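Below is one structure, written out as structure tokens; comments come after it.
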Amino acid sequence: MVKKNSYKTDTLLSHLGRDSAANHGVVNPPVYHASTLLFDSVETLLEMRRDPYIKGRTMYGRMGTPTTFALEEAVAHLEGGYGAIAVQSGLAAIVGAITTFVGQGDHILVSDSVYKPNRNFCEDFLARMGVEVEFYDPTIGAGIAKLMRPETKLVFLESPGSHSFEVQDVPAIAATARASGAVSIIDNSWATPLYLKPLALGVDISVHAATKYIVGHADAMMGLIIAGESHYTRIRHTTALLGYSAAPDDVYLALRGLRTLSVRLARHEETGLMLAKWFQDRPEVERVLHPALPSDPGYEIWRRDFTGASGLFGVIFKPCSDAALAAMIDGYDLFGLGASWGGYESLALPSGPSMARSATTLETSGPVVRFHAGLEDPRDLIADLEAGLIRMAAVNGGEESRGI
Ligand SMILES: *Cc1c(COP(=O)(O)O)cnc(C)c1O
């Protein structure tokens, strides 16, 4: 176990969540596969039953194993929480955290920029359960006070939005929520536990699609929920009620990804900015959505609250035909066409359907494409992007895009 909590982040990433002395000297925590756990006495079993949600303990495989607890301990420490809960996907982390705090007749406020499946859960499932969901302008800041009602139980943030990239005033929104007795939850997947510390900014609960940068290799799904003690205990209870569980092999992959998160992110950030700046200078581009560009409307807040940027950003192209956009994307040699992000590989995904809005409208004259800068050599990536713009120009007939 790591001896000093005061070590710098990169040191902690190498040492948190492992105990070689307890595992025959093996560096990494072993993968424990378990359903049944055996107890040494009835008394021990009864004690566990009285208090089953204590951090780092389990009475059945579904509630975790020592492999799970190693990941949970490491991530909780990195983000300054009392505890973390590993679940089977990022969406499960969102759902588990939200359902803990809402019931029939409650009102919740959700940023208009949230991940689309989060919006789907709110509009479909929560609405059916009698929860009133109101979407708010992501850039509302302290102005959210005027939307708070006595029955407002929860405020959900995502900063920056994973398709539209608006940066939220996290401290202002969290403080307003707390002052009116509502719980605040942020989807911190873009920044990871390294580049934004939401709990220190006043947010109650941080959730992650660890599937993205933490796992980092496009091979496992994982969700994480991090909170202070009272919220942690309540969410742990809910995720147990719901039957949520993270599989041990996937937990192992997340823990392994975590070890190299810092070095990978630095490269994703550098390449992402390089590509974003390159796009900014292109005549085919209307606007680049990247909070770490000084021209971005979210730049000042990003600089105040974040310590880095990841490699995911958006590009609004000037109006072009669907065929021209498809020719650009279909012909990429290095940029894969697919959902998810955070792996070592570069991706390009048309954002249209994922940018559903209800409280605000996005001013985009042409199509929006979300790019993920992978770990390839940026010179090769730029050559691939440049060839894509040439294909686009060759096909473009000038008709309006239907917003692929
Ligand atoms: C992918 C994603 C999720 C969901 O994570 P899964 O592991 O795919 O369920 C949640 N939030 C954001 C911002 C995401 O990009």
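Bear in mind these aren't lab numbers, they're just calculated from the coordinates by the rules spelled out. Since we're looking at a predicted model, the values are computed, not measured. Ideal geometry is used to build each Cβ from the backbone, glycine not excepted, and the neighbour counts take in all protein chains shown.
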Problem set entry | Residue among T152, T307, T238 with the largest mean-square fluctuation in a Gaussian network model of the chain, springs linking Cα atoms under 10 Å | T307
Problem set entry | Local net charge near V95, Cβ-Cβ under 15 Å (Lys/Arg +1, Asp/Glu -1) | +1
Seminar exercise, completed: In whole percent, the Cα-Cα distances of segment 223-319 spread across 10 Å bins from 0 upward as 13, 28, 26, 23, 10, 1
For this session: Work out from phi, with θ = phi - 60° and the Karplus expression 6.51 cos²θ - 1.76 cosθ + 1.60, the ³J(HN,Hα) of each residue of segment 376-391, listed in order in whole Hz, and give x for Gly and Pro.
Result: 5, 5, x, 5, 5, 5, 5, 4, 5, 5, 5, 4, x, 5, 5, 4
For this session: Would you mind checking which residues have amide H under 5 Å from E286's amide H? H placed 1.01 Å from N; only 5 or more apart, or other chain.
Result: I316, F317, K318
For this session: May I ask you to evaluate 6.51 cos²θ - 1.76 cosθ + 1.60, the Karplus curve with θ = phi - 60°, for each residue of segment 316-326 and list the ³J(HN,Hα) values in order in whole Hz, giving x for glycine and proline?
Result: 8, 8, 5, x, 8, 6, 4, 5, 5, 5, 5
Exercise. Among 313-322, 359-368, how do they line up from the highest to the lowest mean number of other beta-carbon atoms within 10 Å?
Worked result: 313-322, 359-368
For this session: Sorted from largest down, give the three principal axis spans of the alpha carbons of segment 113-241, whole angstrom values.
Result: 43, 33, 30
Exercise. Scattering from the C-alpha atoms of segment 262-396 alone, worked out with Debye: what is log10 I(q)/I(0) at q = 0.13 1/Å?
Worked result: -0.53
For this session: May I ask what percent, to the nearest 5, of DSSP beta bridges between residues of the chain are antiparallel?
Result: 55 percent
For this session: Divide by every residue of the chain the summed helix terms, -39500 (n - 2.57) for each DSSP H run of at least 4, and state the resulting mean residue ellipticity at 222 nm, rounded to the nearest 500 deg cm²/dmol.
Result: -10500 deg cm²/dmol
For this session: Kindly provide the Kirkwood hydrodynamic radius of segment 1-92 in Å, to one decimal, from all pairs of distinct alpha carbon atoms.
Result: 14.7 Å
Exercise. Given the alpha-carbon gyration tensor of segment 117-158, what are the semi-axes of its equivalent ellipsoid in whole angstrom, ordered largest first, with each equal to the square root of 5 times an eigenvalue?
Worked result: 20, 13, 7
Seminar exercise, completed: Sorted by chain and then number, the residues having a modelled amide H within less than 5 Å of the amide H of S89, at least 5 places away or on another chain, are G223
For this session: State the three equivalent ellipsoid semi-axes of segment 171-244, derived from the C-alpha gyration tensor as the square roots of 5 times its eigenvalues, in descending order and whole Å.
Result: 23, 18, 8
Exercise. Ignoring the sites themselves, what is the longest stretch of the chain with no trypsin sites (Lys or Arg not before Pro) in a DSSP loop and at most 15 other beta-carbon atoms within 10 Å?
Worked result: 58-356
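How much net charge surrounds D249 when only the other residues with a Cβ under 13 Å from the Cβ of D249 are counted, with Lys and Arg +1 and Asp and Glu -1? Kindly include the intermediate steps, with their values, before the conclusion.
Working: positive: R256; negative: D219, D250.
Summing Lys and Arg as +1 and Asp and Glu as -1 gives -1.
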For this session: Over the Cα atoms of segment 4-259, compute the convex hull volume and normalise it per residue, giving Å³.
Result: 133 Å³
Exercise. Say we join alpha carbon atoms closer than 10 Å with springs in a Gaussian network model of the chain; which of L275, L13, L45 then has the biggest fluctuation?
Worked result: L45
Exercise. Of S89, S14, S184, which is the most mobile in a GNM of the chain whose springs link Cα atoms less than 10 angstrom apart?
Worked result: S14
Seminar exercise, completed: Computed from every Cα-Cα pair in segment 224-273, P(r) in 5 Å bins starting at 0 and rounded to whole percents is 5, 15, 15, 16, 17, 14, 10, 6, 1
Seminar exercise, completed: Farthest towards the positive end of the dipole of segment 4-259, among L253, I225, S6 and with Cβ unit charges of +1 on Lys and Arg and -1 on Asp and Glu, lies the Cα of S6
